[in-house]
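Worksheet: the structure to be examined is printed underneath.
The values are calculated or read from the model by the stated rules, or taken from the named source; none is laboratory data. In this text, all values refer to a predicted model and were calculated from it rather than measured experimentally. Reconstructed Cβ throughout: ideal geometry from the backbone, glycine too, with neighbour counts over all protein chains shown. In case anyone asks, the SASA skips ligands and DNA or RNA and just uses the protein heavy atoms, side chains included. Shrake-Rupley method; radii C 1.70, N 1.55, O 1.52, S 1.80 Å.
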Amino acid sequence: MMTRLKGGTIYDPANGVDGKAQDLYLRDGRLVPPPPDGGCDATIDLRGDIVMAGAIDVHSHIGGGKVNIARMLRPEENAASVQRRTKLTRAGSGDALPSTFTTGYRYAQMGYTACFEPAMLPANARHAHLEMADTPILDCGAYALLGNDDFLLRLLAADADRQAVRDYVAWTLHASQALGIKVVNPGGISAFKFNRREMDLDDAHPHYGLSPRRILLALAEAVDDLGVPHPLHVHGCNLGVPGNVETTLKTIQGAEGRRLHLTHLQFHAYGTEGDRRFSSGAARIAEAVNGSPNISVDVGQVMFGQTVTASGDTMLQFRGRRHAHPDKWVCMDIECDAGCGVVPFRYRDRNFVNALQWCVGLELFLLVEDPWRIFLTTDHPNGGPFNTYPRLIRLLMDRSFRRDMLATIHPAAREHSLLDSLDRQYSLYEIAIMTRAAPARSLGLRDRGHLAPGAAADITVYARHDDVERMFSRPRLVFKNGQAVVRDGQVIAAPSGSVHTVKPEYDRSIERRLNEYFSRYMTVSPANFRIGDDELLASGRQAILTHPVTAS
Amino acid sequence: MPHIGGRPVEIEQAYRHAARLLRKARQPLITGMAADVSGCRAALALAELCGAIVDHQHGEAAMHNLRVLQSKGWLLTTLAEVRNRADVVLLVGTNAVDQFPRFFERLVWNAESLAGVDTGARKIFYLGDPRDTSAGRSPDGRRPTVIRCGQDQVAASVGALRSLLRGVEPRQDGFMNHARIAALRRLAATLREARYGVIVWAPAELDQRHGDLVVHSLSALITDLNAATRCAGLPLGGNDGGMTCQNVTTWQSGFPLRVNYASGAPAYDPALHGTRTLIEHGATDALLWLNCFDSALEPPHGRIPVIAVARPTSALARAADVFIPVATPGLDHAGVLFRTDSVVSLPLRALRQAGLPDARTVLDNIAERV
């Protein structure tokens, strides 16, 4: 069936289309060239509407052990916002920690068609995929966490060759059905298990003697050697620590031209100036990012309100437990693999530190020049729930709204920030880059994030509105693989999405080493550790989409 | 064969009758919930459809942990960490092997450690009244230390341990006498000097009235110890699909168990929605019992219709209003089950053909006819 989407104003930066009225044609789930005879089975009138590819969230904690622990920790949070079942939709609850069905519907209602879990522990991968399978409509995928697992640390400490590290990273991608590799506080989560309470970029791990820098570079090298499209996704050392701007700058310099993606950069951009010894380091970080084309970033913007911080960084989450609000938290040491920490938190606009954190994130957005290298995230739920994205977009596009908001925060934070002096307003084109075109390119999703013939028909249609927050909150129509799934804010269909993976070739001899390791030290067999394709499909995914690696 | 009122019937009749019972009920309850991930998913879908409460047969024990998690939180560890990192293991109110016979063999007296721990030199302590502590004996014959007390005295003992860690002498009385305090003082010192202490408990074995107080105390003890050294908790439990049910219910509803879908939206009430409480107070008028594993376990008695989706050898075949025999995950069909430490889930494989439907098939069929 050939469908014509008539006359919408298209923003398709991957193909250089900047607000041009154009028709789109869909057939069999894809965008296709206009039919030569002009014949269509259906036409939908989009004249006056704004059309973009479906949005892609490159970093959002939507499924897996720590997210589920966070839900269990906060029943009062979830009870405050429950959703009833309908004929088409399942029941659910939560805002900061939505249950899986609610997560899928709500993202789709906001015009998102793909979402990626950024910190999947290989030991917990099966669970993460089960939750993603219960997240309707959205395509999903995840980055496998490495860099604190004893297997890798032993390998590096024994000066294993580059080939072995490469093969282990590839094995992990296959076994956990991942799309990329993530590292969190390299060596630090492991060091905490040895009672180390802090770890800087060049400190030695208490047991293995390795530095975070060494671990980081080894993984970045392996990711590049394997041709994994997405760069090593880095949650750096010293998250949240005043003065960590220096760590972040050293990390950027230390990349030595290698590709790195620095995630939730806002939490890594703090100085120690001023009498409160907490200041913004955003300007220096932005300058470094602007001068380093090998670096991409996502912001991890703080949005005022109650949320939960959930991360793999046990070391820093344990340190931060005193700021828990409400006063309860969970930390876990996990399977000689990694760890996790869940700490509920409230960001207050009248609190100097929180208000300055809010400014730091916005400064980063406005000072980093290339919209192809900076992605819109709140590190859901760590900076705030994903349903705050439309408000964040308005803050970026509407300078006077931003200034109005700035006037309501802690006055000293305002004075310590550059924000008032920043005039920049994001255009729709730049928003489209940051929320669709760039994430798709960064992840290697060649047929998503754009609207040229051949692309999957993941399409979002917005009714124009002066208030961009309103516009982005409630798309008029959302298509997933050519099927209309949302209309006027209501879910009208809830098909299953697919899981995106990457599976580079590797030398199977690494499996001998792994078999020996598992048998000596682990509590599961390698066969049970792996997630097979059949298993993944049986759990409810529509398809496993494996993307090509890029030739080195 | 399926049964209605003890008489064998075709499965279609059983499905229809079960659906009718659920449809007619004002507040149905789905409990037992001893199933794998696919069985739990189907049960939750059915619960949502017919407005039922969902609880697990070991819900009472699970609440000892959940109450503490939801009011205070904790610091926990997982099996491979214990195996590789622990140098001191304290078992509180349990000997671990009654529930997990291979606990010591797999996690304590293992040969090698990734963290350079001399596993044979691990120090083992029991606090409580363990039946059999022989598994706690080291390979070279060293006996564990047992600080014996009744289950109802465990909370006081843990409290004293916390005091001693802070350098505050506990008040002496008949129970907390000089010898006991000395033993607890030695334990406190050992935990403080440990590199990685592991404190083990089993919610199902704790004093049923005050289990959560013990867990709360243990959580506080662990937090205290982590000020200067490393220590973590390991709750043992989640048997009969308990951990699976808790995880699936949480990610699908937002709450871990005792969720009521009567209004169409999930409502969480751990006090009101417990199986035993509901039956004893006549607050439920139909019960669906799901147990794919153990044929010996049965729901509490009540004068309400029971739909049993259970093993073929279960006595419920004759006693239940409707009985539908079901396959066992990991024997008759593939599936996924969560391990006791909740992080790891294991793929189960089919080893034989039993010719019985799996829980998902049965529950989906009932749902279609509701």
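Considering only residues of region B:100-133 that are in a helix (DSSP H, G or I) and either in contact with a Lys or Arg (Cβ under 8 Å, 6 or more places away or on another chain) or within 14 Å of another protein chain (Cβ to nearest Cβ) (or both), which is surrounded by the fewest Cβ atoms within 10 Å (Cβ to Cβ)? Restricting to residues being in a helix (DSSP H, G or I) and either in contact with a Lys or Arg (Cβ under 8 Å, 6 or more places away or on another chain) or within 14 Å of another protein chain (Cβ to nearest Cβ) (or both), the top hit is B:GLU105. Within region A:347-365, the set of residues being crowded, with 22+ Cβ neighbours inside 10 Å and more than 20 Å from the chain's Cα centre (by Cα) comprises A:ALA355, A:LEU356, A:CYS359.
Every residue, every condition in (1) part of a helix (DSSP H, G or I); (2) in contact (Cβ under 8 Å) with a residue 40 or more places away in the chain; (3) over 17 Å from A:CYS140 (Cα atoms), yes or no:
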| position | (1), (2), (3) |
| --- | --- |
| A:SER400 | yes, no, yes |
| A:ILE409 | no, yes, yes |
| A:ALA413 | yes, yes, yes |
| A:TYR429 | yes, yes, yes |
| A:ARG441 | yes, yes, no |
| A:LEU445 | no, yes, no |
| A:PRO453 | no, yes, yes |
| A:TYR462 | no, yes, yes |
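When restricted to residues that are farther than 30 Å from A:LEU262 by Cβ and within 7 Å of another protein chain (Cβ to nearest Cβ), region A:44-98 contains 12. Examine region B:226-240 for a residue that is assigned to a helix (DSSP H, G or I) and over 30 Å from B:ALA188 (Cα atoms), and state whether such a residue exists. No; the residues of region B:226-240 include none that is assigned to a helix (DSSP H, G or I) and over 30 Å from B:ALA188 (Cα atoms). If you take the residues of region A:23-79 that are open to solvent by 10 Å² or more (accessible area, probe 1.4 Å) and small (Gly, Ala, Ser), which of them is farthest from A:ALA463 (Cα to Cα)? Filtering region A:23-79 for residues that are open to solvent by 10 Å² or more (accessible area, probe 1.4 Å) and small (Gly, Ala, Ser), the one farthest from A:ALA463 (Cα to Cα) comes out as A:GLY65. The listed residues are B:ALA204, B:ALA220, and the only one of them that is assigned to a helix (DSSP H, G or I), of a type in the set (Gly, Ala, Ser) and within 14 Å of chain A (Cβ to nearest Cβ) turns out to be B:ALA220.
Selection of strands (runs of 3 or more DSSP E) fully inside region A:1-88 by the criterion of at least 3 residues being under 29 Å from the mean Cα position of the chain (by Cα) returns A:3-12, A:17-27, A:49-53, A:55-57. Out of the residues in region A:496-523 that are touching a residue at least 40 places away in the same chain (Cβ under 8 Å) and of a type in the set (A, V, I, L, M, F, W, C), state the one that is farthest from the other protein chains (Cβ to nearest Cβ). Here the residue is A:VAL502. Among the residues of region A:288-332, those identified as open to solvent by less than 20 Å² (accessible area, probe 1.4 Å), assigned to a strand (DSSP E or B), of a type outside the set (D, E, K, R) and more than 14 Å from every other protein chain (Cβ to nearest Cβ) are A:ILE295, A:SER296, A:VAL297, A:THR307, A:SER311.
Counting only helices (runs of 4 or more DSSP H) that sit wholly inside region B:269-370, those with at least 2 residues that are at pLDDT 95 or above are B:275-280, B:359-369.
One residue stands out in region B:330-360 among those that are within 14 Å of chain A (Cβ to nearest Cβ) and out of contact with any helix residue (DSSP H, G or I) (no Cβ under 8 Å at 6 or more places or on another chain): the one that is surrounded by the most Cβ atoms within 10 Å (Cβ to Cβ), namely B:HIS333. Considering every residue within region A:544-552, establish whether at least one is closer than 24 Å to A:HIS230 by Cα, at pLDDT below 95 and of a type in the set (A, V, I, L, M, F, W, C). Yes, because at least one residue in region A:544-552 is closer than 24 Å to A:HIS230 by Cα, at pLDDT below 95 and of a type in the set (A, V, I, L, M, F, W, C). Here A:TYR208 fulfils each of the conditions (1) within 29 Å of A:GLY243 (Cβ to Cβ); (2) open to solvent by less than 20 Å² (accessible area, probe 1.4 Å); (3) among the hydroxyl-bearing types (Ser, Thr, Tyr); (4) within 14 Å of chain B (Cβ to nearest Cβ) apart from (2). Tallying residues that are open to solvent by 20 Å² or more (accessible area, probe 1.4 Å) and under 16 Å from the mean Cα position of the chain (by Cα) within region A:386-419 yields 2. A:CYS336 meets each of the listed conditions (1) buried (at least 21 other Cβ atoms within 10 Å of the Cβ); (2) more than 18 Å from A:GLY383 (Cβ to Cβ); (3) touching a strand residue (DSSP E or B) at 6+ places or on another chain (Cβ under 9 Å) apart from (3). Residues in region A:469-502 that are open to solvent by 50 Å² or more (accessible area, probe 1.4 Å), of a type outside the set (A, V, I, L, M, F, W, C) and out of contact with any Gly (no Cβ under 6 Å at 6 or more places or on another chain): 7 in all.
Looking across region B:23-80, the residues that are among the charged types (D, E, K, R), within 12 Å of another protein chain (Cβ to nearest Cβ) and either open to solvent by 10 Å² or more (accessible area, probe 1.4 Å) or in a strand (DSSP E or B) (or both) come down to B:ARG41, B:ARG67, B:LYS72. Per the listing B:ILE199, B:ILE181, the residue uniquely modelled with pLDDT of 95 or more, part of a strand (DSSP E or B) and open to solvent by less than 10 Å² (accessible area, probe 1.4 Å) is B:ILE199.
Please work out if B:ARG143 is modelled with pLDDT under 95, in a loop (DSSP other than H, G, I, E, B) and within 30 Å of B:GLY174 (Cα to Cα). For B:ARG143, the condition - modelled with pLDDT under 95, in a loop (DSSP other than H, G, I, E, B) and within 30 Å of B:GLY174 (Cα to Cα) - is not met.
Does B:ALA96 satisfy being at pLDDT 95 or above, crowded, with 24+ Cβ neighbours inside 10 Å and part of a loop (DSSP other than H, G, I, E, B)? Yes, satisfied. Of the residues making up region B:262-314, those that are within 27 Å of B:VAL336 (Cα to Cα) and of a type in the set (Gly, Ala, Ser) are B:ALA265, B:ALA267, B:GLY274, B:SER295, B:ALA296, B:ALA308, B:ALA310, B:SER314. Of the residues that make up region A:122-134, is at least one in a strand (DSSP E or B), in contact (Cβ under 8 Å) with a residue 60 or more places away in the chain, within 14 Å of chain B (Cβ to nearest Cβ) and open to solvent by less than 10 Å² (accessible area, probe 1.4 Å)? No, because not a single residue in region A:122-134 is in a strand (DSSP E or B), in contact (Cβ under 8 Å) with a residue 60 or more places away in the chain, within 14 Å of chain B (Cβ to nearest Cβ) and open to solvent by less than 10 Å² (accessible area, probe 1.4 Å). Residues of region A:160-189 that are under 19 Å from A:PRO212 (Cβ atoms) and among the charged types (D, E, K, R): A:ARG162, A:LYS182.
Taking region A:526-543, which residues are open to solvent by 30 Å² or more (accessible area, probe 1.4 Å), among the polar types (S, T, N, Q) and within 9 Å of chain B (Cβ to nearest Cβ)? If the condition is that a residue be open to solvent by 30 Å² or more (accessible area, probe 1.4 Å), among the polar types (S, T, N, Q) and within 9 Å of chain B (Cβ to nearest Cβ), then A:ASN528 is the only one that fits. Out of all the residues in region B:154-164, is one or more within 27 Å of the chain's Cα centre (by Cα), under 22 Å from B:VAL82 (Cα atoms), of a type in the set (Lys, Arg) and open to solvent by 50 Å² or more (accessible area, probe 1.4 Å)? Scanning region B:154-164, I find no residue that is within 27 Å of the chain's Cα centre (by Cα), under 22 Å from B:VAL82 (Cα atoms), of a type in the set (Lys, Arg) and open to solvent by 50 Å² or more (accessible area, probe 1.4 Å), so the answer is no. Might you let me know whether region A:147-158 holds any residue that is under 29 Å from A:GLN542 (Cα atoms) and touching a Pro at 6+ places or on another chain (Cβ under 7 Å)? No; the residues of region A:147-158 include none that is under 29 Å from A:GLN542 (Cα atoms) and touching a Pro at 6+ places or on another chain (Cβ under 7 Å).
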